[in-house]
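Each reported figure results from applying straightforward, stated rules to the coordinates on display, with no laboratory input. Computed from a predicted structure; not experimentally measured. For neighbour counting, all protein chains shown are included, and Cβ atoms are generated from backbone atoms with ideal geometry for every residue, glycine included.
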Amino acid sequence: MQQQALSATVAWVRLERAMAAFEADLRKRFGITGLQLQVLRICAERPQLPLAALRKALVMHPATLGQSIDELRRLDLVTVRTDPNDRRARLVGLTEKGTTLVGEAPSAGPVRLREVDHDIARLDRLKAALEDAIDLFGVGEWAPGR
């Protein structure tokens, strides 16, 4: 069991380091975070996405998403406007600059799962393994969306 635990830990560390290096590369090359790239890629799927739908898709605290959106607006990568059908709702859309960035940024990280065809059984195994990791690592009480 000790060897399997060590192997699992090494795999996790590799994933963690790969994601950190990816984040650093995004910051250096494009001035955005992985979360911001996810927002941009999801917005690229729909021309005017309700902010509430984006928050639900990302299982994210409103303040965290709001800060990310504000930074993307400052960088002129997205626009945010009031929904003409519901004055309380806000719609997020890509700018031309945002569309260009989405085309140039690498397709990596979790949002890649939405863009590239994968074996459904493999995705099911990944989901189960990640849910299992939450339990095995003992961090379930801090996991959102449960």
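Say whether the condition of being outside any helix (DSSP H, G or I), of a type in the set (Gly, Ala, Ser), at positive phi and surrounded by 12 or more Cβ atoms within 10 Å (Cβ to Cβ) is met by at least one residue in segment 89-97. So that I can check it myself, show each step before the final result.
Filtering segment 89-97 down to residues outside any helix (DSSP H, G or I) leaves 89-95.
Those still in the list that are of a type in the set (Gly, Ala, Ser) too: 89, 93.
Those still in the list that are at positive phi too: none.
No, because not a single residue in segment 89-97 is outside any helix (DSSP H, G or I), of a type in the set (Gly, Ala, Ser), at positive phi and surrounded by 12 or more Cβ atoms within 10 Å (Cβ to Cβ).
Checked against (1) in contact with a strand residue (DSSP E or B) (Cβ under 6 Å, 6 or more places away or on another chain); (2) not in a helix (DSSP H, G or I), Ile32 passes all but a single condition, namely (1). Answer yes or no: is there a residue in segment 7-17 that is charged (D, E, K, R) and in contact (Cβ under 8 Å) with a residue 24 or more places away in the chain. No, segment 7-17 has no match at all.
What are the residues in segment 58-75 that are crowded, with 16+ Cβ neighbours inside 10 Å and in a helix (DSSP H, G or I), if any? Please lay out each step first, then the result.
Taking segment 58-75 as the starting set, the residues that turn out to be crowded, with 16+ Cβ neighbours inside 10 Å are 58, 60, 65, 68-69, 71-72, 75.
Hits for segment 58-75 are Leu58, Leu65, Ser68, Ile69, Glu71, Leu72.
Cβ-Cβ distances below 8 Å connect the following pairs, each with a first residue in segment 121-143 that is touching a residue at least 40 places away in the same chain (Cβ under 8 Å), a second residue that is among the aromatic types (Phe, Trp, Tyr) and surrounded by 11 or more Cβ atoms within 10 Å (Cβ to Cβ), and a separation of six or more residues or different chains: Ala133/Trp12.
Just to be sure I understand, how many residues within segment 98-117 are within 14 Å of the chain's Cα centre (by Cα) and in a helix (DSSP H, G or I)?
5
For segment 107-120, a residue qualifies if it is without any contact (Cβ under 8 Å) to a residue 60 or more places away in the chain, of a type in the set (Asp, Glu) and within 18 Å of Arg41 (Cβ to Cβ), and exactly one does: Asp117.
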